[in-house]
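Chemist: Here it is: the structure, laid out below.
The values are calculated or read from the model by the stated rules, or taken from the named source; none is laboratory data. Just so it is clear, the structure is predicted and the values come from calculations on it, not from any experiment. Here Cβ is always computed from backbone atoms with ideal geometry, including for glycine, and neighbour counts include all displayed protein chains. Calculation scope for accessible area: heavy atoms of the full protein, side chains included, ligands and nucleic acids excluded. Shrake-Rupley method; radii C 1.70, N 1.55, O 1.52, S 1.80 Å.
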Amino acid sequence: MNSKTWSLATALIAALAALACTAAPAPGLEVTVEGGTVRGMERHDLRLFRNIPYAAAPVGALRWRPPEAPKPWQGVRDASDFGAYCPQNMGPDRAQELAGYPMSEDCLTVNLWMPAKSTSRRLPVMVWLTPGAFRQGAPQMKRYDASALARQGVIVVTFGYRLGILGQFAHPALSRAQSSEALGNYGLMDMLALLQWVKHNIAAFGGDPGNVTLFGMSSGGVAVNYLMSLQASDGLFQKAISESSAIRVSAPRRLAEEVNGVKSLEADGLALARHFGLDAADDKIVPALRALSVDQILEYQGNPRLFNPGSLNPVVDGRLIVSSVGDVFRAGREQPVPYISGATTWEGSLLSFMPTAGPVLAQLNISWADAARIYGEVDDRTLINNLEFDLFFGSQRYLAKQHAKAGHPAWLYVFSRVLDAERGKVPGASHGAEAAYVFQVLDTIEPPAGAPALAISAADHDYARLISSTWVRFAKRGDPNGSGLVEWPSFARDRDVLLDFGQEKPVVRENYEPVRMQYFENLFETGKM
């Protein structure tokens, strides 16, 4: 063989070797799940799998139906990047952040973060329920990057679920046509389908299907509380964390009847049908509703003069949800799992645009006289902040108290810490502030409009590591206590106790705001809220 031929042969061998290295994935990056085989990616010390279908695309005849199994695929599906996010109305900042991904109803996909190497045969699993008032939110957002959590020895699962009208809808014609099915709460049904997928598939990734922790913030926390109350959740998770959420404990909205002046979900469906001129007979109106385009639905739900339900929290439909969350917890029928719940001190940040407390009092069925008796003579802004905190924290505390009464472990918290750069500039920790600490993504916290990016101090990062490790320790052991954390007493029948994640360090507090908490507890007990 002459030198020229030798050089060509050597080059060919090198090229084939390089191609083989490229084509062969690292061990563990190809995983077979229900539906087919997926190939993830390795990034530094993590393995990532994204955009894996956990349910069929809810389009055409599957719109406003319970989720079905994903359609099988041939070959190896690329799972190295996110897929589409679920349809939603959003502002320009969020649109810019999600600009690299399509928006589509075909969004029922799951994403997983995990350590690339682990000494554990079965890793604990943490399932994140994305917030956004059941109207917005996407796991593609940087604030839900679960890398820091996964590096602590857990598998973190995020996923898309149906939002807005596509996720919660009812119409009398649909109810008649689908009378044998659960109705209305399609986003919540997606969450149950995801948990079933985790149960059946997570072991293939090295996860423990018998050690699953739900954690969610805002509407994600509301969903945690609802999933706690469902019989359909039996065996699907073993621990739960509800962060910064508010819930009508005893007076939820209903599918087909108006209660306490709160109109039914079907009433909203009738209004939508009338808007689009869909007054045809039952056999025609159902396919006509499903034929509406995503753009039509988003334009409708984005117009507050047309669509303003007040809340898109789950509704009592009589099949999936048969009674209020409060009724379930009071009877001790909720899932008997270790439970953490709490809220931030400035939940009123959600209503910073509101000039007067009147609408808040009306929504909560609280008179001005009662407000003056409970809160004293305060300005409207202070009253709004107090009312919002008491609704959020009060409902979380109430559920934790019922859980403890039933003999199940419960821990309660108040989150009051703000970034060092915000000290003295804000009334307290804004709604959902704890999530950035849990994920250790403080750099994603948005500054006030027009202000420069917030400087993150070493103390801020240290606090985030403390809180993140506390959540992970709970996911691993079912108890948040451990090294580096002041002892966090569990809520008990005879001890109203919580942990305040304060500015410098966590502090145990007892009988927190007793008069205000008792007032809201009475509202929950009497079925007024």
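Chemist: Keeping to the range 105-126, report how many residues are without any contact (Cβ under 8 Å) to a residue 60 or more places away in the chain and under 16 Å from Pro139 (Cβ atoms).
Modeler: So the count comes out to 3.
Chemist: If I ask for residues that are under 12 Å from Trp411 (Cα atoms) and either of a type in the set (Lys, Arg) or touching a helix residue (DSSP H, G or I) at 6+ places or on another chain (Cβ under 6 Å) (or both), which ones from the range 494-508 would you list?
Modeler: The one that is under 12 Å from Trp411 (Cα atoms) and either of a type in the set (Lys, Arg) or touching a helix residue (DSSP H, G or I) at 6+ places or on another chain (Cβ under 6 Å) (or both): Arg495.
Chemist: Could you list, in sequence order, the residues of the range 417-442 that are open to solvent by 10 Å² or more (accessible area, probe 1.4 Å) and either of a type in the set (Lys, Arg) or without any contact (Cβ under 8 Å) to a residue 60 or more places away in the chain (or both)?
Modeler: Asp420, Ala421, Glu422, Arg423, Gly424, Lys425
Chemist: Residue check, Ala57 against (1) over 19 Å from Met114 (Cα atoms); (2) of a type in the set (A, V, I, L, M); (3) part of a strand (DSSP E or B), all met but one. Which one?
Modeler: (3)
Chemist: OK, next. Pick from the range 179-193 the residues that are more than 20 Å from Gly35 (Cα to Cα) and touching a Phe, Trp or Tyr at 6+ places or on another chain (Cβ under 8 Å): which of them is surrounded by the most Cβ atoms within 10 Å (Cβ to Cβ)?
Modeler: Among them, the one singled out is Gly184.
Chemist: Next up: Would you pick out the residues in the range 194-232 that are surrounded by fewer than 20 Cβ atoms within 10 Å (Cβ to Cβ) and among the small types (Gly, Ala, Ser)?
Modeler: Answer for the range 194-232, where residues must be surrounded by fewer than 20 Cβ atoms within 10 Å (Cβ to Cβ) and among the small types (Gly, Ala, Ser): Ala203, Ala204, Gly206, Gly210, Ala232.
Chemist: Condition test on Val508, is it under 19 Å from Thr344 (Cα atoms), open to solvent by less than 40 Å² (accessible area, probe 1.4 Å) and at pLDDT 95 or above? Walk me through how you get there before you give the answer.
Modeler: On the way: under 19 Å from Thr344 (Cα atoms): yes; open to solvent by less than 40 Å² (accessible area, probe 1.4 Å): no; at pLDDT 95 or above: yes.
Spelling it out, it is not the case that Val508 is under 19 Å from Thr344 (Cα atoms), open to solvent by less than 40 Å² (accessible area, probe 1.4 Å) and at pLDDT 95 or above.
Chemist: Under 7 Å between Cβ atoms, at least 6 apart or on separate chains: pull out the pairs that start in the range 61-81 with a residue that is of a type in the set (Asp, Glu) and end on any residue that is part of a loop (DSSP other than H, G, I, E, B) and surrounded by 17 or more Cβ atoms within 10 Å (Cβ to Cβ).
Modeler: Glu68/Ala55; Glu68/Ala56
Chemist: I'd like the full set of residues that are at pLDDT 95 or above, part of a loop (DSSP other than H, G, I, E, B) and over 18 Å from the mean Cα position of the chain (by Cα), limited to the range 103-122.
Modeler: Hits for the range 103-122 are Ser104, Glu105, Asp106.
Chemist: Next question. Say we look at the range 346-376 and pick out the residues that are open to solvent by 40 Å² or more (accessible area, probe 1.4 Å) and part of a loop (DSSP other than H, G, I, E, B); which of these is nearest to Leu419 (Cα to Cα)?
Modeler: Looking at the filtered set, the residue picked out is Ser352.
Chemist: Next up: Among the residues in the range 207-226, are any in contact with a strand residue (DSSP E or B) (Cβ under 9 Å, 6 or more places away or on another chain), over 19 Å from Ile155 (Cβ atoms), in a helix (DSSP H, G or I) and of a type in the set (Phe, Trp, Tyr)?
Modeler: Among the residues of the range 207-226, at least one is in contact with a strand residue (DSSP E or B) (Cβ under 9 Å, 6 or more places away or on another chain), over 19 Å from Ile155 (Cβ atoms), in a helix (DSSP H, G or I) and of a type in the set (Phe, Trp, Tyr), which makes the answer yes.
Chemist: Another question, then. Do the conditions hold for Val315, that is, is it under 29 Å from Tyr85 (Cβ atoms) and either touching a Pro at 6+ places or on another chain (Cβ under 9 Å) or open to solvent by less than 20 Å² (accessible area, probe 1.4 Å) (or both)?
Modeler: So Val315 fits the description; yes.
Chemist: Sort out which residues of the range 450-462 are of a type outside the set (Asp, Glu), farther than 25 Å from Ile155 by Cβ and in contact (Cβ under 8 Å) with a residue 12 or more places away in the chain, and write them in order of number.
Modeler: The answer is Leu454, Ala455, Ile456, Ser457, Ala459.
Chemist: If you don't mind, another one. Within the range 384-409, which residues are basic (Lys, Arg) and surrounded by fewer than 24 Cβ atoms within 10 Å (Cβ to Cβ)? Step through it out loud before you land on a result.
Modeler: Restricting attention to the range 384-409, the residues satisfying the condition of being basic (Lys, Arg) are 397, 401, 405.
Once the filter is applied, which keeps residues that are basic (Lys, Arg) and surrounded by fewer than 24 Cβ atoms within 10 Å (Cβ to Cβ), the range 384-409 yields Lys401, Lys405.
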